[in-house]
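The values are calculated or read from the model by the stated rules, or taken from the named source; none is laboratory data. For clarity, every value in this text was computed on a predicted model and none was experimentally measured. Cβ placement follows ideal geometry from the backbone for every residue including glycine, while neighbour counts extend to all protein chains displayed.
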Amino acid sequence: METMRFVLGVSGASGALYAERLLAALARTPHHVDLVASRIGEEIFRQETSQALPRRVEQLVAAGARFRLWKRDDLYAPFSSGSQIYDAMAVVPCSAGLLGRIASGASTDLLSRAADVFLKEDRPLVLVLREAPLSEIHLRNMLRLRRAGAVILPACPGFYTRPRDLVELADGLVQRILDHMGVELRVHRRWREHRESRRSPVGSFPRAATEGSEQDAEASAGTELGAGTSPGSAPGGEVPADREPGGVGRAAASVPPAASVPLAAIAPPSVIVPPDESET
């Protein structure tokens, strides 16, 4: 696998689980990843995962990941200049405030400067917007950025794979992010691929009432995928990472499991710091 260079930004919007799962996925590759987070982005990551972002990065680096976390005001970081070659950048999650600053070309810190560089150098920029509902201003900023070359990938996970928990739900979106970044890595089952037969665990998403008809549909899908495709495998015999609940982190023994899995670990609302619009 050819080594690539990526930038991952974390801004001040809910959805830290997506960032954590993307980190766990990239930790399984030989790629270099430079990270930068806004102040509120780091705070929300800690609140939603019960773990500080720098600590999580340290764990993954100790397990072999090629990551480096930069200070948000360090404009001497290599990716603040277009003369440095990087393959893609993703902002996960991307707040509406950051979206607006990128759309206006306002480089107020390393995160917004990096996004500006990727746009001007015509390099892949994936913005995982986490906001609802959307105002006309949001929509105009999204259109402006799309026309400038960015990929607007809202944090809207799919349910057609019938995820068993929040981690597997997040991994479905992470797979789409990886695809748009150009990373060849499987972390989740794709549309109409077989899945492993399994019983519904306690607390999982409810199964459809017409279980028999769904099995027939999956059998039909398996026929279309071609001979030799077994339950839980992709065409050509490739085994998806989602054979284990949670996919990425649990499929790689060398990567510490995500601290963000248990719902009980989520901190009470009282610890949430009200976002400062200038720093989200």
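The single condition among (1) surrounded by fewer than 17 Cβ atoms within 10 Å (Cβ to Cβ); (2) in a strand (DSSP E or B) that Asp122 does not meet is (2).
The residues of the stretch 47-61 that are assigned to a helix (DSSP H, G or I) and either in contact (Cβ under 8 Å) with a residue 60 or more places away in the chain or not assigned by TED's automatic domain parsing to the domain that holds Ser11 (or both), listed by number, are Gln47, Glu48, Thr49, Arg56, Gln59, Leu60.
Annotation note: of Asp116, Asp73, the sole residue that is outside any helix (DSSP H, G or I) and not hydrophobic (A, V, I, L, M, F, W, C) is Asp73.
Of the residues making up the stretch 73-115, those that are buried (at least 21 other Cβ atoms within 10 Å of the Cβ) and free of Cβ contacts under 8 Å to residues at least 24 places away in the same chain are Arg101, Ser112.
The residues listed here are Pro133, Pro154, Pro163; of these, the one that is at pLDDT below 95, assigned to a loop (DSSP other than H, G, I, E, B) and either crowded, with 22+ Cβ neighbours inside 10 Å or out of contact with any helix residue (DSSP H, G or I) (no Cβ under 6 Å at 6 or more places or on another chain) (or both) is Pro163.
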